[in-house]
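Chemist: Below is one structure. I have some questions about it.
Computed from the coordinates by the stated procedures, all read-outs in this text should not be read as laboratory data. Bear in mind the structure is a predicted one, so any value in this text is a computation, not a measurement. Don't worry about glycine lacking a Cβ; one is built from the backbone with ideal geometry, like all the others, and counts go over all protein chains shown.
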Amino acid sequence: MGDGSMVEMTRSEIKADLEEGTQVSAKRAKVDPLTQDELDHLLDIYASSARFTAVDIGDEVVMSNDGTGTKHIGNRVQDLQTYEQVLGIDMVELWQIDYSYKAIKTNVAHEGQSMKIAQMLCTTPVQYGAMPDLGRYSKPDGPIDNWSELLPLMKVDEARAAQVEACKMLVEDIDYVADHMVEAGADGIDMDTTGAAGDGDFLAGLTACRMLREKYPFLGIEIGMASEFVLGMHGQLEFDGERLAGMWPKDQLRMVQAAGASIYGPAVNINTGKSTAWNIARAITFIKPAMEIAEIPVHVNVGMGVGGVPTCVYPPADATSRASKAFVEILKIDGY
Amino acid sequence: MGGMRTAGDLVARMQMTRRMRLKEAKAYVADKLGCTPRDLSDPSAMEEIRIAKGLGTLPFTSSVRPGEAGMIEAKFNIAKTLDIPINCVERFKERVGLGGSATA
């Protein structure tokens, strides 16, 4: 189940959940449901009793890792080395526990020093990651009037102005942190859970991405999303003349590509009350239109609470491996 | 893909640096290494290739190679083999007076 609990289901029950999952998301996002062949393929994957499943030899994809390491088995650089040398991760990420560009700005020299040490010791690409986290700029955490308090008071114009102001500050902070990380040798910058605070959050990520791409043509830039849908907290913000509020993965990807990112990470959240079969059909249906136009690598978020993986502290291996196999074989993703 | 056990880190670099999708990135790396895309996820095949080209291998109990390129050293060879700029390599060269430009 989506909450990680074990249930026994018949093949017919799994089939019914797959069909319902794709129909629900197709209706919600106004996209086509999965084809019968795709549903049959998913049924084979999800009706298996195997604890672990995998793609065919030769079909392996790149595994990037936001939030690499646990911080409980040594220092952060040792975490990166462990992921590189024990787990065989393809791309690791240095990060700090206050996973926000605004927070990192105050400590950027020390973060840069850790990046420099990591670059000396790791062979695998090391990117630096954090959340754009637009909400941090509103009161009481930041200097700007809180748009979540202004909106219920019907102060719509003031709420919109506050988000625009916060957006500018966020872009400056991402740019500032990225400059220091590039100076320290970073291979890439990750903007993780972009859009978590809505369209202003997404706009800041896209704007910062375009600025960084112009300065650093070689730099890996990953934009991972917070959700399958961009919330219209502002409602009228645009990037390249297109309204960001209400965008589903296909349009999110078009914007991310236009901004110059290297990697797009779609995220589809889990319904904890439904089976993993229902959730994977829903997630693949949302993301499939994006894969049909992708010109850059797509690394689907397949982890705790997103991408068909249950929301629980220790996701079962059968759930994680089934989801991974499904995304690779049906959507032909480039990584996760 | 297996990271440094295979060629996962090399394919990842092409995705990051050149925005290549997976199939294109695998074909590019295989061409540069003189192997097939299928070899890229084969730990046995890649161990030989990585040693021959100085691309770094994983040190563990029964196989340590302190006399061969590893870590930052290996990244000099990866940049040359894949014909891509690696930021920390360019910074290293700048700071020890060997030239280099991270805007390459």
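Chemist: Hey, fewest Cβ within 10 Å first, where do A:MET291, A:MET211, B:MET14 land in order? Provide the component values of the computation, followed by the final result.
Modeler: Numbers: A:MET291 20, A:MET211 17, B:MET14 24.
Least to most surrounded, the residues fall as A:MET211, A:MET291, B:MET14.
Chemist: Among the lysines, which fall within straight-line cross-link reach of A:LYS288, defined as a Cα-Cα distance under 28 Å, with same-chain neighbours fewer than 8 residues apart omitted?
Modeler: A:LYS15, A:LYS27, A:LYS30, A:LYS250, A:LYS274, A:LYS325, A:LYS332, B:LYS23, B:LYS26
Chemist: Can you sort A:GLU242, A:GLU93 so the residue with the fewest Cβ neighbours within 10 Å comes first? Display every interim value, and only then the final one.
Modeler: Values: A:GLU242 12, A:GLU93 28.
The fewest-first ordering by Cβ neighbours comes to A:GLU242, A:GLU93.
Chemist: Continuing with the same structure: Enter the Cα centre distance for the pair region A:46-115 and region A:179-220, rounded to the nearest angstrom.
Modeler: 18 Å
Chemist: With +1 on each Lys and Arg Cβ and -1 on each Asp and Glu Cβ, and nothing else charged, work out how big the dipole of region A:89-265 is about its Cα centre, in Debye to the nearest 20. It would help to have the intermediate numbers written out before the result.
Modeler: Numbers: 14 positive and 28 negative charges, 24 e Å.
Charge dipole, region A:89-265, about its Cα centre: 120 debye, nearest 20.
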